[in-house]
Amino acid sequence: MKDPTREIEQLREELRRHEHLYYVADAPEITDAEYDALMRRLQALEEQHPELVTPDSLSRRVGGKPREGFVKVRHSVPMLSLDNALNEKELRDFDRRVRELLGGAEFRYVTELKMDGLSMAAHYHDWAFVRAVTRGDGQVGEDVTENARTIRSLPLRVRGELTAFEVRGETVMNRRAFERLNAERDEKGLSRFANPRNAAAGSLRVLEPQITASRRLDYYTYFLFVEGRPAFDSHWESLEAMARMGFKVNAHRRLCAGVDEVLAFCAGWETRREELPYEIDGVVVKVDSIQQQVALGFTAKSPRWAIAYKYPARQAITTVENIEVQVGRTGALTPVARLKPVEVGGVTVARATLHNEDEIERLGLEIGDKVVIERSGDVIPKVVRVSSQGSYRKKFHMPSHCPVCGGKIVREEGEAASRCINTNCSARLKESILHFASRGVMNIDGVGEALVDQLVDRGLVKSVADLYDLTEESLLTLERMGRKSAANVLRNIANSRKSPLPRVITALGIRFVGERTAVFLAEHFGSMERIGSATLDELQGAEEVGPKVAESIFQFFREPRNQELIERLFAAGLEFTYKSTRPPGGPLKGLTFVVTGTLPHLSRDEVKKTIETAGGKVAASVSKKTNYLVAGEDPGSKMDKARELGIPILDEEQLLHLVRDN
Ligand code: IVH
């Protein structure tokens with residue numbers, strides 16, 4: 001057996017290093033699960049050998065040191081972290097301890113989603129936001145006031161009876177903002193952020209607030225203190241009060257009567273977590289009554305009245321056996337890591353995307369290395385970082401010629417992607433056809449990878465337009481194709497002719513033109529012809545079309561091959577004109593709406609769009625001129641005002657009825 005003194009020493013040393021990498025350098029080398037395991041081992045050893053515990057042991061500390069460059073601020077009350085429960089048993093153990101310590105008294109738990117971001121305190125004086133401080137090491141944080149001020153969900157002024165107080169919460173970046181940020185960074189040739197948490201950290205802790213402003217962070221609060229003490233008698237009341245004051249409080253929370261309800265909440269969100277617009281890594285469980293929280297007290301590191309139920313890590317470590325390249329619809333080459341198959345959150349993973357050459361460089365990755373891979377909402381898992389270098393390593397080089405057609409590969413100045421420039425490349429053609437036929441585009445069921453491979457390899461389809469010339473005879477020459485499936489495929493292709501213009505535009509696969517832009521283009525121009533002949537300036541007249549998108553559309557229609565394709569699609573009878581679905585005036589014409597709270601399905605932007613598309617107006621505040629208040633979960637003060645003025649209140653469903661039925 002190992003000498004405990006030495007093992008404790010080693011563990012502390014190792015943990016200290018990883019803590020620094022994680023909290024200070026934002027460049028961790030091991031997964032959170034591995035870190036937790038090391039910490040647990042240390043805690044266990046220290047419990048067995050209390051005489052070896054020193055005040056500087058990491059098990060008694062909460063975080064890392066703040067970075068140089070920010071003003072340091074001491075927290076009014078330490079910002080502690082939570083103990084983890086990794087499974088049902090550990091959660092039940094926690095519950096048993098709570099019940100014992102409360103001596104049989106009745107109590108309730110509050111469950112909240114554990115959003116994966118950075119905790120931050122925000123201070124208010126005379127109803128105004130005055131200061132924001134990151135958690136730092138839990139005792140002393142960094143003053144990030146000017147950066148936090150740019151977060152739109154952090155209210156600069158609040159309402160209600162409380163005038164001076166502190167809130168604490170989580171700064172997060174939602175998946176969409178994260179994807180957009182990384183896409184922008186790809187275009188600019190900058191390195192990608194590994195995950196939304198790192199992106200949020202990197203965005204909050206920058207010296208220029210403008211950068212934070214452009215990053216679209218979000219701030220959700222979960223604590224409310226007045227003079228360093230909880231502001232209300234129960235945690236639930238604090239949450240409700242903060243929502244009323246104008247803070248963003250996560251709507252997915254529950255007051256639970258016992259541990260079984262808590263477990264049901266945890267299990268429910270574990271299966272639905274991918275539906276959320278932001279990442280969560282578990283559920284935070286807190287005893288609701290503040291009096292009972294006080295009675296339970298704290299250990300050196302965390303409260304006894306709360307615990308974090310952690311979902312199993314969706315990360316794993318495995319070996320990169322090879323790096324291959326895939327050719328996409330635009331000819332862009334994507335390097336993909338072939339992995340030694342490994343299980344991640346119940347799924348076996350054998351490939352992970354590496355995005356582009358710069359990403360491989362940033363990761364410092366070579367074939368043979370062991371890597372940390374992560375599975376999140378995306379279909380293809382990604383490589384987060386190299387965990388250790390292989391003993392035999394091989395550097396990856398982007399091929400100079402396309403692995404599919406042998407065409408030349410070009411990487412243009414300022415672009416992250418290398419591209420196959422052969423427009424006849426069969427890999428590009430296959431991807432274009434799959435995109436054309438996919439769900440939400442032309443919706444041609446049955447035209448999947450297996451069929452497309454054969455169609456292209458046998459020369460039956462050389463352009464997406466050829467799909468409309470396919471015959472039963474030609475399909476029957478393919479493998480695994482009987483009369484019945486041939487008839488199905490042909491019928492589905494024929495039916496796709498009825499797809500409205502926005503889908504046809506999306507199907508063309510113009511760079512930067514997705515479903516949404518396609519709708520705006522169709523709305524604005526009314527026909528394919530008018531889009532194709534529009535000048536750059538005219539194109540920018542359509543909603544959300546800026547110079548970059550306009551340029552891309554303009555160039556697309558000037559390319560002879562694309563002109564030919566469009567002519568053939570027209571000849572095939574596809575829908576090239578568009579009748580706006582907006583009735584003149586619209587069902588909500590002349591009506592003014594105000595929106596408050598979180599709606600079950602529509603985001604703020606979407607409700608606004610819905611109302612405006614139907615001819616209504618959306619105002620910021622409730623007044624006598626307001627016709628309806630649309631209210632979701634956690635409505636703010638607008639609700640009280642509307643009640644006062646007797647303004648009718650609608651929920652999301654009622655609003656949608658109003659739009660449809662009028
Ligand atoms: S309460 C003393 N509630 O998870 C209690 N934390 O280790 C401290 N987090 O540092 C936190 N959502 O960054 C709390 N609803 C929530 C949370 C939450 C996310 C984070 C926070 C904290 C860590 C817990």
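The values are calculated or read from the model by the stated rules, or taken from the named source; none is laboratory data. Since the model is a prediction, treat every value here as computed from it, not as a measurement. All Cβ positions, even for glycine, are placed from backbone atoms using ideal geometry, and neighbour counts span all protein chains on display. To get the accessible areas, we keep the full protein, side chains included, count just its heavy atoms, and leave off ligands, DNA and RNA. Shrake-Rupley method; radii C 1.70, N 1.55, O 1.52, S 1.80 Å.
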Working only within region 627-639, note down all residues that are among the hydroxyl-bearing types (Ser, Thr, Tyr) and at pLDDT 90 or above. Tyr628
For Lys548, which of the numbered conditions (1) open to solvent by 80 Å² or more (accessible area, probe 1.4 Å); (2) closer than 28 Å to Ala417 by Cβ; (3) not hydrophobic (A, V, I, L, M, F, W, C); (4) not in a helix (DSSP H, G or I) fails to hold? (4)
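Name the helices (runs of 4 or more DSSP H) wholly within region 452-517 that hold at least 3 residues that are in contact (Cβ under 8 Å) with a residue 24 or more places away in the chain and farther than 22 Å from Lys579 by Cα?
The qualifying helices (runs of 4 or more DSSP H) are 483-496.
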Residues being more than 15 Å from Ser234 (Cβ to Cβ), free of Cβ contacts under 8 Å to residues at least 40 places away in the same chain, more than 13 Å from the ligand (Cβ to nearest atom) and surrounded by fewer than 16 Cβ atoms within 10 Å (Cβ to Cβ) - total across region 272-311: 2
Count - residues of region 393-436 that are touching a residue at least 12 places away in the same chain (Cβ under 8 Å) and within 25 Å of Gly368 (Cα to Cα): 12
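If I go through region 83-136 residue by residue, how many of them are part of a strand (DSSP E or B) and either open to solvent by 30 Å² or more (accessible area, probe 1.4 Å) or within 15 Å of the ligand (Cβ to nearest atom) (or both)?
First pass over region 83-136, keeping only residues part of a strand (DSSP E or B): 84-85, 109-115, 118-125, 128-134.
Those still in the list that are either open to solvent by 30 Å² or more (accessible area, probe 1.4 Å) or within 15 Å of the ligand (Cβ to nearest atom) (or both) too: 84-85, 109-115, 118-123, 125, 130-134.
Residues that pass the stated criteria total 21.
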Hey, among the residues in region 208-220 that are outside any helix (DSSP H, G or I) and in contact (Cβ under 8 Å) with a residue 12 or more places away in the chain, which one's surrounded by the most Cβ atoms within 10 Å (Cβ to Cβ)? Leu217
How many residues does region 221-235 hold that are open to solvent by less than 30 Å² (accessible area, probe 1.4 Å) and either free of Cβ contacts under 8 Å to residues at least 24 places away in the same chain or over 18 Å from Trp127 (Cα atoms) (or both)? 2
Pairs under 8 Å by beta carbon, first residue touching a residue at least 12 places away in the same chain (Cβ under 8 Å) in region 526-554, partner part of a strand (DSSP E or B), six or more apart or different chains? Gly526/Thr577; Ser527/Thr577; Met528/Thr577
Check Leu565, Leu599 and return the single one that is hydrophobic (A, V, I, L, M, F, W, C), touching a residue at least 40 places away in the same chain (Cβ under 8 Å), out of contact with any Cys (no Cβ under 8 Å at 6 or more places or on another chain) and more than 30 Å from Arg643 (Cα to Cα). Leu565
Members of region 137-167 found to be in a loop (DSSP other than H, G, I, E, B) and within 14 Å of the ligand (Cβ to nearest atom), listed by number: Asp137, Gly138, Gln139
Identify all residues within region 408-427 that are at pLDDT 90 or above and touching a helix residue (DSSP H, G or I) at 6+ places or on another chain (Cβ under 7 Å); write none if there are none. Ser418, Cys420, Ser426
For Asp260, only one of the following conditions fails: (1) more than 25 Å from the chain's Cα centre (by Cα); (2) part of a helix (DSSP H, G or I); (3) crowded, with 16+ Cβ neighbours inside 10 Å. What is its number? (3)
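This table checks each residue for (1) part of a loop (DSSP other than H, G, I, E, B); (2) touching a Pro at 6+ places or on another chain (Cβ under 8 Å); (3) more than 15 Å from the ligand (Cβ to nearest atom).
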position: Arg180; (1), (2), (3): no, no, yes
position: Ala183; (1), (2), (3): no, no, yes
position: Ala194; (1), (2), (3): yes, no, yes
position: Gly202; (1), (2), (3): no, no, yes
position: Val206; (1), (2), (3): yes, no, yes
position: Tyr222; (1), (2), (3): no, no, no
position: Phe232; (1), (2), (3): yes, no, yes
position: Arg244; (1), (2), (3): no, no, yes
Kindly establish whether Phe265 is more than 23 Å from the chain's Cα centre (by Cα), more than 12 Å from the ligand (Cβ to nearest atom), touching a residue at least 24 places away in the same chain (Cβ under 8 Å) and on the phi < 0 side of the Ramachandran plot. no
Which condition breaks for Gly345 when tested against (1) open to solvent by 10 Å² or more (accessible area, probe 1.4 Å); (2) free of Cβ contacts under 8 Å to residues at least 40 places away in the same chain; (3) at negative phi; (4) more than 16 Å from the ligand (Cβ to nearest atom)? (3)
Among the residues of region 391-424, write down those that are closer than 14 Å to Thr334 by Cβ and either in a loop (DSSP other than H, G, I, E, B) or open to solvent by 50 Å² or more (accessible area, probe 1.4 Å) (or both). Phe396, Met398, Pro399, Cys402, Pro403, Val404, Arg411, Glu415, Ala416, Ala417
Could you check, for region 457-464, whether at least one of its residues is crowded, with 18+ Cβ neighbours inside 10 Å and closer than 30 Å to His355 by Cα? yes
Only one of Glu179, Glu146, Glu142, Glu184 is closer than 24 Å to Glu227 by Cα and out of contact with any helix residue (DSSP H, G or I) (no Cβ under 7 Å at 6 or more places or on another chain), namely Glu142
